[in-house]
1. Kindly indicate the residue of the stretch 149-191 that is without any contact (Cβ under 8 Å) to a residue 40 or more places away in the chain and part of a strand (DSSP E or B) and also nearest to Phe75 (Cα to Cα) among those meeting that condition.
2. State whether the residues of the stretch 84-104 include one that is aromatic (Phe, Trp, Tyr), farther than 15 Å from Asn398 by Cα and in contact (Cβ under 8 Å) with a residue 24 or more places away in the chain.
3. Consider Gly649 against the criteria (1) in a helix (DSSP H, G or I); (2) within 23 Å of the chain's Cα centre (by Cα); (3) not hydrophobic (A, V, I, L, M, F, W, C): it satisfies all of them except one. Which criterion is unmet?
4. For the stretch 563-599, give me each residue that is open to solvent by less than 10 Å² (accessible area, probe 1.4 Å) and within 30 Å of the chain's Cα centre (by Cα).
5. Residue pairs, Cβ under 6 Å, 6 or more apart or interchain, first in the stretch 621-649 and within 25 Å of Gly697 (Cβ to Cβ) and of a type in the set (Asp, Glu), second open to solvent by 20 Å² or more (accessible area, probe 1.4 Å) and modelled with pLDDT of 95 or more. List them.
6. Among the residues of the stretch 98-124, which ones are open to solvent by less than 10 Å² (accessible area, probe 1.4 Å) and either among the aromatic types (Phe, Trp, Tyr) or out of contact with any Ser or Thr (no Cβ under 7 Å at 6 or more places or on another chain) (or both)?
7. Among (1) over 26 Å from the mean Cα position of the chain (by Cα); (2) at pLDDT 95 or above; (3) charged (D, E, K, R), there is one condition Asp611 misses while meeting the rest; what is its number?
8. Working only within the stretch 82-96, note down all residues that are surrounded by 20 or more Cβ atoms within 10 Å (Cβ to Cβ) and part of a loop (DSSP other than H, G, I, E, B).
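The values are calculated or read from the model by the stated rules, or taken from the named source; none is laboratory data. This structure is a prediction, so every number in the text was calculated from the model and none was measured. Because the Cβ atoms are built from the backbone with ideal geometry, glycine has one as well, and the counts that use them run over all protein chains shown. The area values use the complete protein model at the heavy-atom level, side chains included, leaving out ligands, DNA and RNA. Shrake-Rupley method; radii C 1.70, N 1.55, O 1.52, S 1.80 Å.
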Amino acid sequence: MSALGATGALAIGVPNPAAAGTVASGSAAAGSSAADAKPSDDSSDELTLWYRTPAADWERESLPIGSGALGAGVFGTLATERLTLNEKTLWTGGPGAAGGFDHGNWTTPRPGALAAVQDRIEAEGGLSPETVAAELGQPKHGFGSYQVLGDLELTVPGAPATPDDSYRRALDLRSAVASVAYSHQDAAYTREFFASHPAGVIAGRFACDQPGKTGFTLRYASPRSDFTATAHGDRITVRGVLQDNGLRFEAQIRVRAEGGTISAGTDGTLTVSGADSAFFVLAAGTDYADTFPDYRGKDPHAAVTSAVDRAVARPYRDLRARHVADHRALFDRVTLDIGQRLPALPTDELLAAYAAGTGTGPADRSLEALFFQYGRYLLIASSRAGSLPANLQGVWNNVTNPPWDADYHVNINLQMNYWLAEVTNLAETTEPYDRYIESMRAPGRTSAREIFGSAGWVVNNETDPWGFTGVHEYPSSFWFPEAGAWLTQQMYDHYRFSGSTRYLRTTAYPVMKEAAEFWLANLRTDPRDGKLVVTPSYSPEHGDFTAGASMSQQIVHDLFTNTLEAARTLGDAPGFRTRLVRALDSLDPGLRVGSWGQLQEWKTDTDSKTDDHRHVSHLFALHPGRAIEPGSEWAEAAKVSLTARGDGGTGWSKAWKINFWARLRDGDHAHRMLTEQLKSSTLPNLWDTHPPFQIDGNFGAASGVAEMLVQSQHGPIEVLPALPATWPDGSVTGLRARGGATLDITWSGGSASRVVLHASRTAELTLRATLLPGGERKIKARAGRTYIFTRSAA
C-alpha cells in the first residue's frame, strides 16, 4: 500500500510449471504434478501448527500471517485478542532523518586512503579489522530501523480469562489462515485471521454458534506517540508521521457485523455488540517509494482507503476464498512425503519431543516435513510483488529497535532468504528481490565513484530501504563490496531455471554487467603470483583483512562466469566479453588446498583445525556457488573444512551447513544438521533463532531439504543426490530444476522408483537417476510435455 505498489512490477520470466500434459518417452499414462491442483479450502493437520494455549511471547509463540507488504503476529489471547501489525516500508532513517543521511558514503574526501590500505596489506600481509575501519570506515548516519506498525487489540466481553481443554490456536499453512477456537458457557466461539495479497488487507472474523453472542471493542495501540486514531461509523483511521524522518503512514480498519450493532467511540475505538458474527479488514501504507534519491511517493491515504473499502464491500466468504486461492496457487505446487505420521501433539510439544529424541521416527519426520513447508509458507507471506523483499525478520517485527534493525544484511542473509525460491517452485516471490537490487544501482554508483573512484555499482555488508550502499565503522562488518556481485547470483539463477531471455535481457543482465564493470575496475594484481585479487578482502566477520580471501575470489569468479555466459546468450559486445575472458584467465579463483587437507579460507595457509566460526565463507564455491563439483579435490577439501568447523553455530549457520552437506552428497550429515537446527535453533512457533529470531534459517533449511532431493547447479538434473537413510521411502512433487523442468519423484528403499519430468521450455536436458540405464538419460524436452521414467521400465 506504499507508493512502491504503484510503480509497477518486474516481469517474472517463469512459464507456468503446470503446463505439462502430454506423455512422451513411450509412457502409458499422463503424469500429474501438485502444480495442477486447483485451490480448495480443505486443510491438513500435517500442514498445521497448533497449540493448546494462547501466545505469551511474540518472538517465541505468536503465529505469523502476511501478504508480503503487511504482516501480523496472532496471539490468540481470550479476553483481549492481540495482533502485532507490520507494514514493510515503515522505516526510520533515510532522507530527512534527524541525524542526517549520507548513504554510507564518505562525508569528506579521502584521496589515496583506499590505495594506502591496499599498499599496507601488500607490504605487511594483512591488517586488523580495527586498523582498516579506522582508515576506511565512518559512523552510520540515518541508517534507520524497521518499525512495528502497532497492535490491534480486541477486548472480548465475557470471554474466559484462561483457556480450558476446548482451546485450540492454529495456523493452517495450506490456507494461510490463523485460527482460535474455544467453548465457554455452552457456546462455541471461533476466530480466524489472514493477510490477503490480492485484497491488500489483513482480515479477521469473530463468530459464535449461538446468535447474538459475538462482541468486541477494537482499538489501535502503538509504542510511539506519532499518530492520531479516530473512529467514525464503522471505520478507525490512524494517521501518523515518523518523528525521525517525516515518513507519513496510515492504517484504516473497517468492521462489518451480522446482526447486533457497531458503535464508534470518542477514544478512537469501535465496539461490536450482540452480533451473530463480525469481521474487520485493515489496510495500511506509507509514502515510501523505492526511487533514489528522495524515496518518497504519494500520501498513502487514497490507496489505503480504496483497499479497505473494496475489501469490506465483499462478503467475508468471498474475501477469504480469494485469499486462499491466491495462496494455494503458490503453496500447493510442492508436496513432500518422507514417511511422516503426525501424532496428536501440539506443535510445541512435537518440537520438544523431537529435541529429546533421535530424529528418526515417523513423528520426527512429520516435524521435518512441516518445517520444510513452513519455510515455503513464510516466503509467500513475506515476499510478494509490490513491496520490499523479506528482511532479517521477513515482514514481522514487534518493536521500534529490532535486532540488527531488521535490515538487509547482504553478506549472506538476504541471499539465503531466496535460496529456496526457485527450487521449491516459488519464483514469483523473487520479484521484490529483483526490484530491490535494481533500486540499489543508483546509490551504488555513487558509492563506487566516491569510495572506489570507479564505474559500476557496489553495496557493502548491510543496507536498508534508503540505498545505504557505503560503509560504517564496526570493524568486523563494515566492509564487503563483494555483496553486490553475490546479489546478482539469484537473478542469474532465476534465468537458469526459467530460460527467459526477456527476463535476462531486461532485468538480470543490466545489474550483472554493471556489477562486473565495478570488479573489472577494482581488482589488483597480486605481486606474489601475478593473479588478480580483491583487496582489501575480508572473510565475513572473521580474521584479518588480507588480499585475495577465498570467498572474495570465489564470488567475483562466480559473477564473471555468470556474466560471460549471459553476455554470450544475449550477444553483447565482443569487447566486453573479451575483457571478462581475460579477467577470468588472470583471476585467482580462491580455491587451494591447505596443509591439513582443508580448503583454505585465506590465500595464505593460516586456517586453524580448532576454528568453529559460524561463517564458513570459503565454501561459497560449493554452495551457493557452482565451481566445486562432487568428487573433486576441492570437494574433498571442503569436506575437511566443514568437518573441522563442526555441527554447531547459529540457526542460519546450521541451515547453510544442511546445503553444504547436501552438495557434498552426504544426505545423512545434511539430515544431522537439520536435526541440530530443529533441536537447538528453533522456537516453539518454528521460527528460526540466531538467537534472537532471524528468518533466514527457516528459508535456508527449506533450501537444504530441497537440495537433498534435487540438484541441477552443474547442468544435469540429479535426482535424490543426498537422500538420508532416515527417509528410505517417500515422494516429492513440484520441485523445479534449472533448464525449465518440474519434477515429481517417488522413491523406495533409498532409491528412485518413478520420476516424472514436466518441461516448461524446449531444451536438451540431462537427467541422472539410479533407475535409468547407466544412471543417465539425455532428453530433447519440448515445452508442455511430460516425461515419465520408472524403475521397471529401466
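1. Ser179
2. Taking the stretch 84-104 first, the residues aromatic (Phe, Trp, Tyr) are 91, 101.
Now drop any that are not farther than 15 Å from Asn398 by Cα, which leaves 101.
Those left that are additionally in contact (Cβ under 8 Å) with a residue 24 or more places away in the chain: 101.
So far as the stretch 84-104 goes, yes, one or more of its residues are aromatic (Phe, Trp, Tyr), farther than 15 Å from Asn398 by Cα and in contact (Cβ under 8 Å) with a residue 24 or more places away in the chain.
3. Going through (1) in a helix (DSSP H, G or I); (2) within 23 Å of the chain's Cα centre (by Cα); (3) not hydrophobic (A, V, I, L, M, F, W, C) one by one, Gly649 breaks only (1).
4. Thr563, Ala566, Ala567, Gly590, Leu599
5. Asp647/Glu676
6. Selection gives Val117 alone.
7. Failed condition: (2).
8. Lys88, Thr89, Leu90, Thr92, Gly93, Gly94
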